[in-house]
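Written out below as structure tokens is the structure these notes cover.
Every read-out reported here was derived from the displayed coordinates using simple, explicitly stated rules and does not represent laboratory data. Please read these numbers as outputs of a predicted model, since none were measured by experiment. When we count neighbours, we look across all protein chains shown, and the Cβ atoms used for this are built from the backbone with ideal geometry, even at glycine.
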Amino acid sequence: MRGEKAIAKANLEQSLAKNEKNEGTLLDLYELSLGEKNWDAALALLRRATEVNPENGAKLLALGRKARVDADLPHARQVFATAAAASPKDVSVLTEYASILLQVKDVDAALEPLMKAAAAEPDRQIVRANLAAILRAKGLWKDAEKEYREAVRSDPDYAPALRGLGTLLLERGQAGEAIEPLKKAVLRDPTNVEGVWALARAQRQTGALKDAAESLAQSAALDKAPLDDEAGAVAYERGRYEEAVGFFDKALAKEPGSAVYKSNREKAAVAAAFLKASGLTVPER
């Protein structure tokens, strides 16, 4: 408290030498080391304090989450690695550690804590869905599909697993099979843009254009560029070219730099102009 940290540290180290499981000493030394920005020493001490009293694991989580909020991902990763080692069966810790590894784009490393989480709680839907997302990112589509289905089996109403399964099937060219899980996902989480977009895309690819238009119309409150673009694509395939131009204009207003939206808009405008000049009508689809 007097600021004589060197003397304090020396006495604390003597205390620890006499009793290496003195929780108070470990925590005091942790605070001193963290104040000196010596993360390696601080985390080693806090891990030892957690082994003495598991309640100190909360300090590890708080430290890691603060580092993450501060965008200090290297230290967030280091802290959660320590937390995962201290609590190797804590599914919440393992899952959060994996999410940080994904955030720093270390997909391979993220697989290990999620595999441990799945072994600890094999029937927990969030664990299975997260593991599926990792496997999908690694290109292991069959394994990812299996994990998504396990998550849905554990909880048939779990929107992230339903959405993950549906978007995976859509990505693999199985639009027909994707519709049912995506419908359920949108019903349970109607504000999720990815789910609404994927459902409309799957319906459009299977020729259910009216269903696709209805799905997008019901989610109009979301007001997102990808949905406007998909609505334009649906209108275009239905032969409603001027309507398609309007949707593509909305998408471009939100994301004016998108070459895809611009190309789609130009194609629809050409079709609308041709139809108007020819005097022809297109059958409703």
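Between the helical axis of 259-278 and the longest alpha-carbon principal axis of the chain there is an angle of about 10 degrees. Report note on the peptides 98-110, 236-248: ranked by the mean count of other C-beta atoms within 10 Å, highest first, their order is 236-248, 98-110. In summary, the aspartates and glutamates within cross-link reach of residue 5, defined as a Cα separation below 17 angstrom excluding same-chain residues under 8 places away, comprise 13, 28, 31, 36. Relative contact order of the chain, taken over Cα pairs closer than 8 Å and 6 or more residues apart, is 7 percent.
Nearest 500 deg cm²/dmol is fine: what mean residue ellipticity at 222 nm does the chain get from its DSSP H runs of n ≥ 4 alone, each adding -39,500 (n - 2.57), divided by its residue count? Present the calculation step by step, with values, prior to reporting the outcome.
Working: 16 runs with 219 residues, N = 285.
Computed ellipticity for the chain at 222 nm equals -24500 deg cm²/dmol.
What the phi angles of the stretch 50-59 give under the Karplus curve with 6.51, -1.76 and 1.60, with θ = phi - 60°, is a coupling list of 5, 5, 6, 9, x, 5, 5, x, 4, 5 Hz, glycine and proline written as x. Sorted fewest first by neighbouring Cβ atoms within 10 angstrom, 89, 9 come out as 89, 9.
Shape summary of the chain, radius of gyration then Dmax from alpha carbon positions: 26.7, 96 Å. Legend: Rg and Dmax of the stretch 226-279, from Cα coordinates, 10.4, 34 Å. Annotation for the stretch 31-84 versus the stretch 140-165: alpha-carbon center distance of 33 Å.
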